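Encoded as C-alpha cells, the structure appears first; notes follow it.
Please treat every number below as a calculation from the coordinates, not as lab data. Being a predicted model, the structure only gives us computed values, none of them experimental. Here Cβ is always computed from backbone atoms with ideal geometry, including for glycine, and neighbour counts include all displayed protein chains.
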Amino acid sequence: MNQQALDNARQLLPDLWSIQNLLSNDELEEILNRVNNETSWEPVNLQENLNRKMLAWHTDGLCDLLFCKLGELDFSRFGLELRTVTVWRDLDGYFIKNHVDNDRVVAALQFYLSASQPGIGTWFADTIEIPFVQNTGYLMHNRNKLEHGMKNPVTGGYSRISFYALFD
C-alpha cells in the first residue's frame, strides 16, 4: 500500500478526506482475484435487510492480509489507529439512505475495489460525492456525525466491492 496516497489525502470537509491510488496495480489485482474466489460472505450486522455482504475473517485470509497491509501505514496525521477491516460486496439493489454512523465508529475508511461505476458513490451532507471509482475512497472521522449515504442503488447485476476499515 502507498503511504504517499494517504499523505496526499485531500481534505474535503473538517472530518472527510478523499484518497486515491492507495493500492498498486498488482495489489489491486491480487485483492480482486481473492475476492472472486471467496465463498464465506455473511450478512452485515445492522444491515441484514440490505443486499450487502461482508467477508468473514479467517487467519491468513483476505481481511487478515488487508489488516496487515493497512497496519503498515501511518495514520497519525489523522490521530487514528487501525482497529479492524472487512471487505464488503454490495449486490444488485443495494442502497443505503442518508444516515450517521453509530458511536462505535470513531473513524472509517471505505476504499473502492471493483471497476468504476457512475452514480453509486457515497454522498456526504448531500453535497459532496466520493464517486465509485476503482482505487479511490474516503476517510471519515465520526466526531461530528457527518450524514452520508447513496443517491442511487446498485443495479444491472453489478457488485460494488470495497474494503472498510474502522479506527480508534
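Quote to one decimal, in nm, the extra length available between His58 and Phe95 on full extension: 0.36 nm per residue of separation minus the C-alpha distance between them. Please list the in-between numbers first.
Numbers: separation 37, 0.36 × 37 = 13.32 nm, distance 2.74 nm.
Contour length minus Cα-Cα distance gives 10.6 nm.
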Report the one residue of Leu16, Ile128, Phe163 whose Cα lies farthest in the direction of the positive end of the charge dipole of the stretch 3-167 (charges on C-beta: Lys and Arg +1, Asp and Glu -1; origin at the Cα centre). Ile128
Within a Gaussian network of the chain (alpha carbon springs, distance under 10 Å), most fluctuating of Leu12, Leu32, Leu91: Leu12
The stretch 1-137, relative contact order in percent, only Cα pairs under 8 angstrom and at least six apart counted: 23
Listed residue (Ala107, Phe67, Ser40) projecting farthest to the positive dipole end of the chain, Cβ model: Ala107
Build a GNM of the chain with springs between Cα atoms under 10 Å: which of Ser24, Ser40, Ser76 gets the top mean-square fluctuation? Ser76
Using +1 on the beta carbon of Lys and Arg, -1 on that of Asp and Glu, and nothing else charged, what's the dipole of the stretch 55-135 about the Cα centre, debye to 20? 20
Convex hull volume per residue in cubic angstrom - Cα atoms of the stretch 67-130: 137
Per GNM of the chain with C-alpha springs under 10 angstrom, the most fluctuating residue out of Thr127, Thr84, Thr136 is Thr127
Consider the candidate values [x] 19.1, 60; [y] 21.9, 71; [z] 14.8, 40; state which one is Rg and Dmax of the Cα atoms in Å computed from the structure displayed. [z]
